[in-house]
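First comes the structure, then the notes that go with it.
The values are calculated or read from the model by the stated rules, or taken from the named source; none is laboratory data. All values derive from a computational prediction rather than experimental measurement. All Cβ positions, glycine included, derive from the backbone under ideal geometry; neighbour counts span all protein chains shown. These accessible areas exclude ligands, DNA and RNA; they are computed on the full protein's heavy atoms, side chains included. Shrake-Rupley method; radii C 1.70, N 1.55, O 1.52, S 1.80 Å.
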Amino acid sequence: MTNTQTWIVLKFGGTSVKSLADWRVISKQVTARLEAGHRALIVHSALSGISDALEDLVIAALENEAEPVLAAIRARHLDLASEMELDGAALLDSYFTGLERLSAGISLTGDASPRLRARIMAHGELMATTLGAAWLNKTGLQAHWLDARTALQALPSDPVSSYLNADCAYDTDTALQARLDDTGAPVVITQGFIAGREDGDTAILGRGGSDTSAAYFAAKLNADRLEIWTDVPGFFSADPRLTGSARQIRALSYEEAQELASMGAGVLHPRAIAPVRKAGIAMQVLCTHQPELDGTRIQATPSEDAPRLKAVSVKHGVRLFTLDNDGMWRTSGFLAKAFEPFAQHGVSIDLVSTSETSVTLSLDEDPALTPEVLDRLRSDLEAIARVELIEDCAAVSLVGRGVRALLAQFGPAMEAFAHYPVRLVSQAANDLNLTVVVDGDQGKALCRRLHDQLIQPKPRDVTFGPSWRELQAQAVDTPSASSPVWWRTKRQALLDLCPADSALYVYDLETVKARASAISGLKNLDRGWYAMKANHQPDVIRTAVEAGLGVECVSMAEVHAARAAVPDLGPDRILFTPNFASRAEYAEAIEMGVHLTLDGLHPLRHWSEIFAGAEITLRINPQRPEGHHKHVRTAGPEAKFGLHADELPEAIDLARKAGAIITGLHVHSGSGISDPEHWRRVGLFLTETARDLPDVKILDLGGGLGVDEASGPRRIDTDALDVMLGELKTAYPNYQLWLEPGRFIVAESGVLLARVNQVKHTPDARFIGINTGMNSLIRPALYGARHDIVNLTRLDEPMDWVADIVGPICETADRLGAQRLMPHTEEGDIILIGNGGAYGRVMASTYNLRQPAGEAVI
Ligand code: ADP
Ligand code: ASP
Ligand code: MG
């Protein structure tokens with residue numbers, strides 16, 4: 001039978017086949033390919049962790065301790081089988097017995113030859129595909145199980161590689177096509193990672209080799225497309241596990257993908273590109289756990305023409321050989337002689353750099369590089385030069401077309417190398433990468449640092465999609481998340497509240513109450529104060545006060561607003577902490593009898609008469625800035641807040657002369673801090689400062705408590721904070737401890753609702769233009785703050801747009817969110833901007849004579 005339908009090859013990695021939920025995704029994807037008129041070949045890996053376990057099994061067998069490892073491997077497969085409601089024992093017993101026999105053989109002989117290792121390793125893929133095929137057939141997808149060893153032929157090479165790191169031929173294979181046609185099955189399922197040898201034995205393709213298997217199959221079947229399904233949606237500008245700012249790369253040329261994979265981007269095996277490239281097959285890297293995302297396309301043409309740094313990657317396990325022969329390397333033929341032993345021992349060199357007296361070469365990790373091979377190589381090299389071998393290095397690469405032309409822009413980022421001594425620098429002749437080799441333990445940190453400094457998405461970026469952090473936020477913020485944010489639960493009320501032609505801040509008083517109670521309920525805190533500068537909406541202030549907090553004000557106008565909101569708010573429940581305020585404000589505050597904090601000498605020095613008999617707190621600048629953005633760091637040598645420690649003696653003197661009593665000390669040194677240890681440091685600093693101040697009884701530790709934000713800080717754990725406060729209190733029982741949070745109380749309680757005015761599509765970008773912008777919410781422009789943004793009208797629709805959300809203000813900075821995943825959006829839709837309860841409406845303006853959003857509570 002000849003089948004004219006074209007093949008799509010779908011490769012699923014170990015984390016994509018490990019559970020029933022994964023198999024449901026696989027089945028859905030395969031069905032969609034069939035419905036589109038294709039045939040599907042599934043190539044997949046062993047269950048995640050099983051290839052590692054099989055490697056452990058070899059070692060355990062050598063030590064005669066195979067049984068516990070075998071038991072774990074069996075259990076893992078039987079668990080999945082029972083989740084799939086399959087008879088695991090019946091399906092897998094012959095493999096389990098095979099593993100027992102092979103490991104017994106190793107235990108008996110004390111020898112684990114490459115041949116035995118390959119046979120053991122192959123079991124992972126054989127067992128997993130057996131379960132996969134059985135489940136697909138049970139659920140009605142007619143799937144033919146193919147033994148990959150009968151379809152992929154390992155090419156002869158050296159004794160180790162031919163078993164453990166095999167290459168295969170990948171010309172169009174009409175015989176295989178005919179064989180698959182003959183089965184008549186629309187779906188074929190086979191193993192990644194394994195191939196057959198000419199002598200009938202089993203070979204493996206090296207760790208991570210399933211991608212390569214899939215590429216071989218795609219080339220042999222002349223497939224329409226190769227899809228690599230894994231646990232991340234595509235290639236990123238760095239390993240997303242290393243930095244959340246890693247950006248999804250929308251498209252790569254074969255060449256770039258090859259370079260990235262070779263330089264350590266572990267998402268794709270480096271040998272998987274050549275077969276599809278040669279056959280001109282398009283490739284896509286997709287995510288099994290977010291199948292709706294586009295991932296990365298890999299094709300012949302690059303995504304953009306200009307030189308562009310696309311990624312920073314790190315490769316571990318690199319070895320460096322330095323050959324030194326005292327200035328002799330210029331003698332003709334030295335380099336040729338130096339390379340010869342590598343060729344003789346079948347060792348491939350990756351990077352080379354030469355200096356006046358030496359040549360340094362790097363070797364990638366390779367199972368064929370056994371200690372014996374290295375010893376032989378070394379002794380051959382010693383015949384011509386002094387040899388130094390440095391193990392365990394890391395190669396960090398900047399990858400992108402025309403990287404040479406970009407060097408000038410890297411300026412300040414190159415400072416990183418002051419901290420990470422470089423052992424080798426190499427710039428690829430194809431101008432696709434610039435690589436430095438450093439000590440192994442420094443690779444990740446250097447990669448992260450260079451990435452975060454150098455990868456800068458442009459506003460209308462065709463190369464980069466959303467960041468990993470954004471995609472994670474998207475994945476977490478689904479209706480199935482365990483505790484949905486309040487605005488999901490109250491969605492209908494919000495839709496009803498949103499005006500047709502203006503924008504509105506809405507505050508959820510239950511959330512305000514919950515956060516305020518979390519602070520007033522801290523057992524070891526004496527007093528908590530709501531910093532009302534974050535949000536002075538009267539119901540919000542009232543809710544915070546009713547939950548047990550006092551109010552911290554920074555102007556007399558705020559004091560009056562607080563008293564207007566809560567008419568019975570006595571002076572003892574008001575804390576006044578102004579900065580550079582006028583004499584009149586201090587005088588009024590003292591007259592009123594509120595708690596007062598001074599943060600400079602000027603008032604005591606020039607207006608001493610108003611302080612007679614007053615109890616005051618001094619704000620100290622600890623010279624140690626902390627917080628999420630430089631504008632919200634309020635301590636440090638350049639900050640305008642607080643007294644410097646060396647001004648303290650003078651402050652004490654001035655206070656005494658004025659007749660004021662210093663009863664409190666205060667530090668506030670930043671915002672968005674999630675680690676309770678910060679306030680311990682503040683507390684210890686203040687107890688130290690208080691030593692010379694016998695009247696001090698209050699230590700005001702400030703605010704800055706972190707809230708949940710998609711990028712950056714997490715909400716502080718108030719239980720941990722309480723434990724820390726308790727320890728501080730036990731150590732210093734004579735002091736009252738105060739905290740004065742603002743954002744923590746209100747940020748998450750507020751959302752900004754706005755209507756879509758216009759949508760704009762340019763060839764490079766999409767803009768969703770809403771009816772308010774930086775005039776209502778200036779934080780993105782001012783601090784680069786990231787707020788969650790969703791289309792509330794179409795909350796659960798597929799996210800197939802990447803768009804900038806902009807306002808109507810005539811400023812480039814009027815962008816509330818960049819490169820966000822959004823559903824198809826239309827004029828009149830309601831857009832919700834999260835975490836808008838703090839420093840939103842209070843910082844609004846009428847710039848461009850546009851009225852900012854109004855306010856409402858629910
Ligand atoms: P699979 O088992 O599906 O083959 P792998 O673990 O081999 O999956 O590859 C996916 C992993 O590759 C990701 O989880 C990610 O941590 C890692 N990775 C490393 N570099 C990159 C990169 N530049 N882009 C995307 N993923 C990367
Ligand atoms: N299972 C093999 C490994 O873990 C091959 C693969 O997953 O690509 O290395
Ligand atoms: Mg892989």
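What to note about this one:
- 222 nm mean residue ellipticity, helices alone, for the chain (DSSP H n ≥ 4; -39,500 (n - 2.57); rounded to 500): -10000 deg cm²/dmol
- Cα gyration tensor, segment 218-303 - rounded (a/c under 1.5), prolate or oblate: prolate
- Carbon-plus-sulfur accessible fraction, the chain (probe radius 1.4 Å, protein heavy atoms only): 50%.
- Computed log₁₀ I(q)/I(0) - Debye formula, equal Cα scatterers, no solvent, the chain, q 0.06, 0.08 Å⁻¹: -0.54, -0.88
- Separation of segment 152-182 and segment 272-294, taken as the distance between their Cα centroids, equals 21 angstrom.
- Considering only the chain, percent of DSSP beta bridges that pair antiparallel, nearest 5: 50 percent
- Sorting 361-369, 231-239, 595-603 by average packing, meaning the other beta carbons within 10 Å per residue, from highest down gives 231-239, 595-603, 361-369.
- Rounded if a/c under 1.5, otherwise prolate or oblate - segment 806-858, Cα gyration tensor axes: oblate
- Nonlocal amide H pairs with Val43, under 5 Å, H built at 1.01 Å: Leu10, Lys11, Phe12, Thr190
- Relative to its residue count, segment 649-778 spans a Cα convex hull of 168 Å³ per residue.
- For Ile858, distant residues with modelled amide H under 5 Å away: Tyr507, Asp508, Leu509
- The peptide list 729-740, 520-531, put in order of mean Cβ contacts within 10 Å with the highest first, becomes 520-531, 729-740.
- Degrees between helix 210-220 axis and first principal axis of the chain (Cα, 0 to 90, nearest 10): 50 degrees
- When Rg and the Kirkwood radius Rh are both evaluated on Cα atoms of segment 46-116, their ratio Rg/Rh stands at 1.00.
- A simple packing score, the average count of other Cβ atoms within 10 Å per residue, orders the peptides 767-775, 160-168 as 767-775, 160-168, with the highest score first.
- Solvent exposure of the chain, expressed per residue, is 41 Å² of accessible area, with all protein chains present and a 1.4 angstrom probe.
- Convex hull of Cα atoms in segment 221-363, direction-averaged projection (nm²): 11.8 nm²
- HN-Hα J in Hz across segment 20-34 - Karplus 6.51, -1.76, 1.60, θ = phi - 60°, x for Gly and Pro: 4, 4, 4, 5, 5, 5, 4, 4, 5, 5, 5, 4, 4, 5, 5
- Relative to the dominant Cα principal axis of the chain, helix 509-520 is inclined by about 80°.
- Aspartates and glutamates with Cα under 20 Å of Lys657, excluding same-chain neighbours fewer than 8 positions away: Glu591, Asp599, Glu609, Glu615, Asp646, Glu647, Asp692, Asp695
- Compactness of segment 289-379, expressed as Rg and Dmax over alpha-carbon positions, Å: 19.4, 60
- Cα-projected label distance for Ala429 with Asp326, points at 7 Å along beta-carbon direction, nm: 3.2 nm
- Using alpha-carbon coordinates, inclination of helix 50-62 to the longest axis of the chain, degrees: 60 degrees
- Cross-link pairs Lys28/Lys310; Lys28/Lys278; Lys490/Lys513; Lys18/Lys138; Lys310/Lys458 - those with Cα-Cα distance over 21 Å: Lys28/Lys310; Lys28/Lys278
- Global form of segment 103-204, assessed from the alpha-carbon gyration tensor, a/c cut-off 1.5: oblate
- Equivalent ellipsoid of segment 127-172: semi-axes from √(5λ) of the C-alpha gyration tensor, largest first, are 30, 13, 6 Å.
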